[in-house]
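The block underneath contains the structure these notes are about, expressed in structure tokens.
The values are calculated or read from the model by the stated rules, or taken from the named source; none is laboratory data. All values reported here derive from a predicted model rather than from experimental measurement. When we count neighbours, we look across all protein chains shown, and the Cβ atoms used for this are built from the backbone with ideal geometry, even at glycine. Remember, those area values only see protein heavy atoms, side chains included, never the ligands or the DNA or RNA. Shrake-Rupley method; radii C 1.70, N 1.55, O 1.52, S 1.80 Å.
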Amino acid sequence: LFRSIVGTGAPGTGTPVGVYSTTYKSAAGWTTSTYNVHPVVGFKTGTGYAFHSRLYYPNGKTMMDYSIGYPISHGCVRMYDEDVAYIYNNVSIGTTVVVY
């Protein structure tokens, strides 16, 4: 059993409750014009829901948003770097994910 302080979906963009599976992994994560998160471990097939780091500036090196521990994301599970790295390094694709 893995437990961590996380940031889940904010009101209106909640993390979907249910039983899913991990679907993909990306070490580089996602980069937009305003932020980067890395690494990323997706869950819930066909969606953008994932475990990922807190937000970095697009360069991926400087943290932009340290927020965690309360509903803050757009539905993803925002985690401390070392916690999402553990999931990335140790959890296989197809592993069951339970969101409640």
Chain lengthening between residue 19 and residue 81 when straightened (0.36 nm per residue, less Cα-Cα): 19.9 nm
Which parts of the range 21-35 would a label at residue 59 reach, counting a residue when its backbone N lies under 15 Å from a point 7 Å out along Cα-to-Cβ? 34-35
Tell me, what is the per residue accessible area of the chain in Å², probe radius 1.4 Å? 57
Rounded to one decimal in nm, the spacing of the 7 Å Cα→Cβ label points at residue 27 and residue 95 is 1.8
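Using only the Cα atoms of the range 28-80, build the gyration tensor, take square roots of its eigenvalues as a ≥ b ≥ c, and label the shape rounded, prolate or oblate: rounded if a/c is under 1.5, else prolate if a/b is larger than b/c, else oblate. Can you show the working numbers first?
Details: a/c = 1.99, a/b = 1.26, b/c = 1.57.
The shape class here is oblate.
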Computed over the chain, the Cα gyration tensor eigenvalues, each multiplied by 5 and square-rooted, give semi-axes in Å (largest first) of 19, 15, 13
At a 1.4 Å probe, what is the % contribution of carbon and sulfur to the accessible area of the range 1-97? 55
